[in-house]
Structures are given as C-alpha cells and as structure tokens.
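Notes for the one structure printed next.
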Amino acid sequence: GIQVEQSPPDLILQEGANSTLRCNFSDSVNNLQWFHQNPWGQLINLFYIPSGTKQNGRLSATTVATERYSLLYISSSQTTDSGVYFCAVPGRSGTYKYIFGTGTRLKVLA
Amino acid sequence: DGGITQSPKYLFRKEGQNVTLSCEQNLNHDAMYWYRQDPGQGLRLIYYSQIVNDFQKGDIAEGYSVSREKKESFPLTVTSAQKNPTAFYLCASSIGGTGGYTFGSGTRLTVV
C-alpha cells in the first residue's frame, strides 16, 4: 500500500520563526489533507489540497502531485501552533480510506 | 453550530467488557469514520461508512463493531475480543469519500 512519510519528526522553534514541514508519499494521489492536532487531541483540518498552493493566514500549503510531496509552511509561528501536524492521502484513487503519516511534532517556545 | 460530538471524553473499561463509543454529527455528511491513535503515533482506520446501513472494515477492524442506522450516528463498540483497547479514539465525517474531514474531540479509553 501507499506509504506516507513526514519530516522532520520533531521541531522546536522560537516564537516568530518560520518553518516548513514536508510530506512524501509513495504513489500518485488525487487528494491530500493537512491537519493540526492540538495538545488536547483535537484534530483540525487545515487544508484540503490535491494540487497547487493554498493560503490561510500565516499558514500555506503546496502539493506537487507529480513529484509526490506536499509542504506546509508556517510563518511567524506562535505558541498556539504547537502540536502535531499530520498529512493524509487516499489509499487508492477514489477510496474513502485515507492513510495518515506519522506526524511532525512542533513545539513553539515563547 | 454544525459539528461532530463524541461521548464520553474518558471511558474506563474492565477486562472482558464491551463498551460503546458514541459519535453524532449534524453536518449532513454522508461518510463517517473511526480512527484509533496510540501514544506518539499516527491514526489508523478501524471502520468507515459511506452511506446509511453500509460500512466497511478498515485496517484494524478486529475486535471492533459498528452500526450505521442513521445518517447522523456511527457508534463504535469495542468488544472483549480487542486485546489492547487502551487508546484515543477519533470519529470523523466528510461529504464524500474525497471531501475534507471534520473530526470530533475524541474519546480516551483505558482498560483497568
């Protein structure tokens, strides 16, 4: 089945710094989602981005499906950005079975 | 406000007992999902349902059962056959199979 790898596994930033999180996947996909899991466990959908670039405030995401990767950019990081960031892709084209990566754990220091 | 409600937030189970986790959504989403998350790990799919009265096994369905009698509801039963049920359980929904997910706030299940 498709493999999803995220890097780096852990990241510590000073408040105000920028960062880039990467998601690599082993097969072609037609959808990709990015999520943020806060320290209390709640998962929030950040982006639904099968291709191209999207921006939402300080966050933006780019997916290059032909090269099998996606990037999540966080600018001017805040302590509230701390948590775990997951990407997820469908197991097969059109399937309901999304495969989640193992996540990037981000800690932003005040 | 529309969303997904999971209950309870914390659940303790004695060995040999079945327990049922509730998941209700008012988003009018067709598809619903159950995921399991172990500490420091990603999410693994237990079961999913595309429409009412239909559901399919995910990657780790053994020891779990579900029902989908109403569009709004997708309860998960953790049976005594599940050997290691202590985990964080997350319910999600989407408009279709490729729509963006909305997650509930989760249920932490502990076997005592």
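Every read-out reported here was derived from the displayed coordinates using simple, explicitly stated rules and does not represent laboratory data. The structure presented is a predicted model; accordingly, all values stated were derived computationally and were not measured. No Cβ is skipped: glycine too gets one built from the backbone with ideal geometry, and neighbour counts run over all protein chains shown.
Placing pseudo-labels 7 Å out from each Cα toward the beta carbon at A:S51 and A:Y73 gives an inter-label distance of 2.1 nm. Taking every alpha-carbon pair in chain B and binning the separations at 5 Å intervals from zero gives 2, 13, 25, 27, 19, 10, 4, 1 percent.
Put in order of Cβ neighbour count within 10 Å, fewest first, the listed residues B:W34, A:W40 become A:W40, B:W34. Simple point charges give the picture: +1 on the Cβ of Lys and Arg, -1 on the Cβ of Asp and Glu, and for the protein assembly as shown a dipole about the Cα centre of about 220 debye. Computed over the alpha carbons of the protein assembly as shown, Rg followed by Dmax gives 17.3, 50 Å. Here segment B:14-80 is described by how far its Cα atoms reach on the three principal axes: 34, 26, 19 Å, from widest to narrowest.
In a simple Cβ point-charge model (Lys, Arg +1; Asp, Glu -1; nothing else charged), chain A has a dipole of about 160 debye relative to its Cα centre.
Spherically averaged projected area of the convex hull of Cα atoms, segment B:1-43: 4.5 nm². Cα extents for segment B:61-109 along the principal axes, largest to smallest and rounded to whole angstrom: 33, 22, 16. Arranged from fewest to most other beta-carbon atoms within 10 Å of their beta carbon, B:L90, A:L71, B:L45 become A:L71, B:L45, B:L90. Multiplying each eigenvalue of the alpha-carbon gyration tensor of chain A by 5 and taking the square root yields semi-axes of 24, 14, 12 Å, largest first, rounded to whole angstroms. This ranking places B:R108, B:R36 by how few other beta-carbon atoms lie within 10 Å of each, fewest first, which gives B:R108, B:R36. Considering segment A:45-110, its Cα convex hull presents a mean projected area of 5.0 nm².
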